[in-house]
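I have placed the structure first, in the form of C-alpha cells, so that the comments after it can refer back to it.
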C-alpha cells in the first residue's frame, strides 16, 4: 500500500493515481500501518457542499451582473472592453474562491488537485472536443440557414467579450467550478444522470442568453453539457473539459482557425493509457468513496 501525498488516502501499489483526489504523487516509504488520517476539511465532497456553493455563486454573480450593468452604462465606448475584462476577472476570482471555500480543503492547491487541474489531458478529451466542435458548427449552420424556432419572445442580451476571456479565462474558471467541483460533489451523493442534470441547470443560469434564442442552441447546449459530464466521469483531468469549452466558444465567434490551433496545441499533451485511448483512471463512484482511512 502507498499513501497519497495530498489527501493521505491508502492506495494499492499497482495504481497510478489516487482513488480519492486523483493525484499521481505518493509518499515514498510511507508506512501502511499508520496512514495519515484525513481531517474534516479534506473529506470527500457531497451534495451539501455543491448546493451551498451553487446558490452562493448564483447570488454573487447576480450582484456582479448588476454592478457590471452600471459600470458599462457610465463607461465610455473605448472603456467598455476594459470594463468587461475587469468584471470577468472579478467573477473568475469569486468563482474560484467560492469553490475552494465550500470544498473544505486545507489548501487551494489541494482543491485544484481534487478538481483535476494538475492532471494531463487525455485523448478522450481531445476526441470529445471534436464532438463539441461539430455541435458548434451545427448551431452556426442552422443560424445561417434561418432555422430559428424561438423558445421565448423575451430577449436576453449578453455583452461581447474579448477573445482572451472567451477562449482562455472563461473556460478555465467555469470548468474548474462546474465539472471540477460541483459535478464531483453531486456525484458524492447522487448518480451520474442526476448530477449531470443539476450541473447543466446550473450552467444554464449563466447562459440563458444562448438558450433562449432558439431550440437548436438549447439542444446543442444540453448535449454539450452531457458530453462534458461524461468526459469528467471517465477521466480526472479537467483540461479535457476546458479544451472542448474553448473550442465551442471559438466556433461561436467564427474563429475556426483558433479551433484548429487549440486542437493542434493540445494534442501533444494528451496522453495514452495502458488500456488504450482512454484514461485508465476513472473518478471514484459514491459507493467506493472512503470518507476516512482507518488504520489496521
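Every listed requirement among (1) at pLDDT below 75; (2) exposed (fewer than 13 other Cβ atoms within 10 Å of the Cβ); (3) within 17 Å of residue 185 (Cα to Cα) is met by residue 42 save one, (2).
Would you confirm whether or not segment 170-191 contains a residue that is surrounded by fewer than 23 Cβ atoms within 10 Å (Cβ to Cβ), part of a helix (DSSP H, G or I) and either at pLDDT below 90 or touching a strand residue (DSSP E or B) at 6+ places or on another chain (Cβ under 9 Å) (or both)? Yes, that holds for at least one residue.
Selection of segment 88-129 for residues being outside any helix (DSSP H, G or I) and surrounded by fewer than 24 Cβ atoms within 10 Å (Cβ to Cβ) yields 104, 106, 107, 117, 118, 119, 120.
Could you check, for segment 209-218, whether at least one of its residues is in contact (Cβ under 8 Å) with a residue 24 or more places away in the chain, in a helix (DSSP H, G or I) and under 23 Å from residue 111 (Cβ atoms)? Within segment 209-218, none of the residues are in contact (Cβ under 8 Å) with a residue 24 or more places away in the chain, in a helix (DSSP H, G or I) and under 23 Å from residue 111 (Cβ atoms). Per this entry, residue 258 is not counted among residues that are over 20 Å from residue 143 (Cβ atoms) and part of a helix (DSSP H, G or I). Checking each residue in segment 264-296 for being surrounded by fewer than 17 Cβ atoms within 10 Å (Cβ to Cβ) and at pLDDT 80 or above picks out 264, 265, 267, 268, 269. Taken over segment 192-216, residues that are crowded, with 21+ Cβ neighbours inside 10 Å and at pLDDT below 90 amount to 0.
The values are calculated or read from the model by the stated rules, or taken from the named source; none is laboratory data. As the structure is a prediction and not an experimental result, all values here were calculated from the model. Virtual Cβ from ideal backbone geometry, glycine too; neighbours counted across all protein chains shown.
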